[in-house]
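The block underneath contains the structure these notes are about, expressed in structure tokens.
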Amino acid sequence: EDQVTQSPEALRLQEGESSSLNCSYTVSGLRGLFWYRQDPGKGPEFLFTLYSAGEEKEKERLKATLTKKESFLHITAPKPEDSATYLCAVQRNNNDMRFGAGTRLTVKP
Amino acid sequence: DGGITQSPKYLFRKEGQNVTLSCEQNLNHDAMYWYRQDPGQGLRLIYYSQIVNDFQKGDIAEGYSVSREKKESFPLTVTSAQKNPTAFYLCASRAGDPFSYEQYFGPGTRLTVT
């Protein structure tokens, strides 16, 4: 069965302390892997799409990478405003996007 | 500004009542989706629609119904048959580009049924 697993479930960092979030997947026919940011009580905000192994995307302090089995979201020198839940999702066919449970990130000043 | 609106933000209902959640988009997107989010779980697909007057069941369609009479609108009805309706409901849309799969989400509706 296709699965998307995110780890850790929760991560607490000090401001400036870089780290990585993991998204491992088992899916056949991957069409894309997506990262979203979700603030409490709000809808997910699109961050990145990755289509093939070796691809990387960057946005401010965030960098997403993709291998054949997992994706990493690297956070460099995070700030308190980076605190949120980060969701990973994979697209198998035109209308089947499967989400992981998310990693809840807290960045302390 | 283009975007997706969901209303209301909070909704309270008594058990046994049907309730309809609104979702409107002005992005000119072809596809629209409804997800349910529960604490500690990933988003789960309820229904989706690729074109007007057509929609398909997702993983957890039981107890829900939808309509797609206009491209901009995709309302979700939570019926009394849904056993655990209390949840955060998210609507999303996607452009028709076959090479672009990203979905864009609305702000969500939190439904509480007592």
Going by what's in this entry, would A:ASP82 be described as of a type outside the set (Ser, Thr, Tyr) and over 19 Å from A:GLY32 (Cβ atoms)?
yes
Consider B:GLU72 against the criteria (1) of a type outside the set (A, V, I, L, M, F, W, C); (2) farther than 19 Å from B:ASP38 by Cβ; (3) at pLDDT below 95: it satisfies all of them except one. Which criterion is unmet?
(3)
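Could you check the stretch B:20-65 and list, in sequence order, the residues that are free of Cβ contacts under 8 Å to residues at least 12 places away in the same chain and either farther than 17 Å from A:MET97 by Cβ or at the interface with chain A (Cβ under 9 Å from one of its Cβ atoms) (or both)?
B:PRO39, B:GLY40, B:GLN41, B:GLY42, B:GLN56, listed by residue number.
Considering only the stretch B:87-114, state which residues are aliphatic (A, V, I, L, M) and over 15 Å from B:TYR47 (Cβ atoms).
Applying the first criterion (aliphatic (A, V, I, L, M)) to the stretch B:87-114 yields B:87, B:90, B:92, B:95, B:111, B:113.
Result: B:ALA95, B:LEU111, B:VAL113.
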Check B:TYR35 against each of (1) surrounded by 20 or more Cβ atoms within 10 Å (Cβ to Cβ); (2) over 29 Å from A:LEU105 (Cβ atoms) and name the one condition it does not meet.
(2)
Quick one: A:PHE48 ticks every box in (1) within 11 Å of chain B (Cβ to nearest Cβ); (2) surrounded by fewer than 21 Cβ atoms within 10 Å (Cβ to Cβ); (3) more than 21 Å from A:GLN14 (Cα to Cα) except a single one, so which number is it?
(2)
If you go through the stretch A:52-90, how many residues are touching a strand residue (DSSP E or B) at 6+ places or on another chain (Cβ under 6 Å), exposed (fewer than 14 other Cβ atoms within 10 Å of the Cβ) and either acidic (Asp, Glu) or within 10 Å of chain B (Cβ to nearest Cβ) (or both)?
1
Filter the stretch A:53-109 down to the residues that are of a type in the set (A, V, I, L, M) and more than 22 Å from A:GLU1 (Cα to Cα) and list them by number.
A:LEU62, A:ALA64, A:LEU73, A:ILE75, A:ALA77, A:ALA84, A:LEU105, A:VAL107
In the stretch B:90-107, anything within 10 Å of chain A (Cβ to nearest Cβ), buried (at least 22 other Cβ atoms within 10 Å of the Cβ) and at pLDDT 95 or above is listed as B:LEU90, B:CYS91, B:ALA92, B:PHE105, B:GLY106
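Would you mind listing the strands (runs of 3 or more DSSP E) fully within the stretch A:43-109 where at least 3 residues are at pLDDT 95 or above and β-branched (Val, Ile, Thr)? Working first, answer last.
Numbers: elements: A:45-50, A:56-59, A:62-66, A:70-75, A:84-91, A:97-99, A:103-108.
By residue number, A:103-108.
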Condition test on B:GLY63, is it at pLDDT below 95 and surrounded by 13 or more Cβ atoms within 10 Å (Cβ to Cβ)?
no
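The values are calculated or read from the model by the stated rules, or taken from the named source; none is laboratory data. Model, not experiment: these values are computed from the prediction. Cβ: placed from backbone, ideal geometry, glycine included. Neighbour counts: every protein chain shown.
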